[in-house]
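The next block holds one structure in the form of C-alpha cells; read it before the comments.
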Amino acid sequence: MAKYELPKVPYSYDSLEPHIDAKTMEIHHTKHHQAYTDGLNNALANLSPELQNMELPKLLSNLSQVPENVRGAVNFHGGGYENHALFWNSMKSSGGGKPGGSLEEAINSVFGNFDSFKEQFIKNTIAIQGSGWGWLAYNPQTKKVEFTTMPNQTSPRTKDLVPLMGLDVWEHAYYLKYQNRRADYVNAWWNVINWDEVDSRLSKIKA
Ligand code: MN3
C-alpha cells in the first residue's frame, strides 16, 4: 500500500491570481507534486521496514542511512514531496505584507531588517542555475534563521536545516505565465506569502 498521498492545496487553484495563475497551480499540484508522491512511494518500497516507517523529515536528514542505490530517489522525490507541501501552505489569497512576531525578530537579528532579507532572498533565488529552490530555514546549531538555495528537490534537511519557507523556481512553477521571466515571478510571489503560517513553523520548532 502506498504510504504517501498527494497533499491537499488548502485553497482553490485560482486563489493566487494574478501572481500565480490557476493553470500553473493545477498542473504543478496534480501532475508534478503527484509525480514526486508516486516516486517517493516507489523508492520507499525498496527500503527496510525501519526506514520505511521513519518520518519523512527524519529520513531526509539521515540520507546516509539510505542504501546508495535508492538514496538519489529518496532525496529527489522525498524532497519534492515535502517541499511542495510546504510551498502550498506557505501561500494564501491576499497574502504578502511583512512577518510579525518571533519570525520578524528572527529575520531582523540576522538580516538587519525585512527589506534587506527580501532583497537577498530575491537576488539569490533568481540567480539559481537551472532548477532549485530558495529557502528561509532555521539552523538548530546556531539557533538562527538563514537563507540558502538548494538544487533540484534536495531538502534543506540534508544540511541539517529546518525548512521554514521555500520558493520553487523550477520552470514548471512559472513558465506558463511568466515564460523566461523568472525575476517577475520571484518578485510577484511576495504578494501571496502566508506569513502567519511561516511564523507558526518557527514557533513550533522553538517550542
Ligand atoms: Mn515544483
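The values are calculated or read from the model by the stated rules, or taken from the named source; none is laboratory data. Everything quoted here is computed from the prediction, not taken from an experiment. Virtual Cβ from ideal backbone geometry, glycine too; neighbours counted across all protein chains shown. Please note that ligands, DNA and RNA were not included when accessible areas were found on the heavy atoms of the full protein model with its side chains. Shrake-Rupley method; radii C 1.70, N 1.55, O 1.52, S 1.80 Å.
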Problem - In region 35-58, the residues that are loosely packed, with under 14 Cβ neighbours inside 10 Å and either under 19 Å from the mean Cα position of the chain (by Cα) or in contact (Cβ under 8 Å) with a residue 60 or more places away in the chain (or both) - result: Glu55, Lys58
Handout entry: Sole exception among (1) open to solvent by 60 Å² or more (accessible area, probe 1.4 Å); (2) touching a Phe, Trp or Tyr at 6+ places or on another chain (Cβ under 7 Å); (3) not in a helix (DSSP H, G or I) for Gly96, by number
Key = (1)
Handout entry: Residue check for Glu146: within 16 Å of the ligand (Cβ to nearest atom) and at pLDDT 95 or above
Key = no
Completion exercise
Contact list, first residue from region 127-149 and touching a residue at least 60 places away in the same chain (Cβ under 8 Å), second anywhere and outside any strand (DSSP E or B), beta-carbon distance below 6 Å, six or more apart or interchain, is Tyr138/Ile205
Completion exercise
Reported set for region 21-39 where residues are under 11 Å from Gly78 (Cα atoms) and more than 14 Å from the ligand (Cβ to nearest atom) is Asp38
Completion exercise
In region 150-188, anything more than 16 Å from the ligand (Cβ to nearest atom) and without any contact (Cβ under 8 Å) to a residue 24 or more places away in the chain is listed as Lys159, Gln179, Asn180, Arg181, Asp184
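Residues of region 106-122 being open to solvent by less than 70 Å² (accessible area, probe 1.4 Å), outside any loop (DSSP other than H, G, I, E, B) and not hydrophobic (A, V, I, L, M, F, W, C), which ones? Before the answer, list the steps.
Initial filter on region 106-122 (open to solvent by less than 70 Å² (accessible area, probe 1.4 Å)): 106-108, 110-112, 114, 116-118, 121-122.
If we keep only those that are outside any loop (DSSP other than H, G, I, E, B) as well, we get 106-108, 110-111, 114, 116-118, 121-122.
If the condition is that a residue be open to solvent by less than 70 Å² (accessible area, probe 1.4 Å), outside any loop (DSSP other than H, G, I, E, B) and not hydrophobic (A, V, I, L, M, F, W, C), then Asn108, Ser116, Lys118 are the ones that fit.
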Practice task
Sort out which residues of region 59-93 are under 16 Å from the mean Cα position of the chain (by Cα), more than 16 Å from the ligand (Cβ to nearest atom) and open to solvent by 10 Å² or more (accessible area, probe 1.4 Å), and write them in order of number.
Solution key: Ser61, Lys92
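Condition test on Gly80, is it touching a His at 6+ places or on another chain (Cβ under 8 Å) and touching a residue at least 24 places away in the same chain (Cβ under 8 Å)? First the steps, then the outcome.
Numbers: touching a His at 6+ places or on another chain (Cβ under 8 Å): yes; touching a residue at least 24 places away in the same chain (Cβ under 8 Å): yes.
So Gly80 passes the test.
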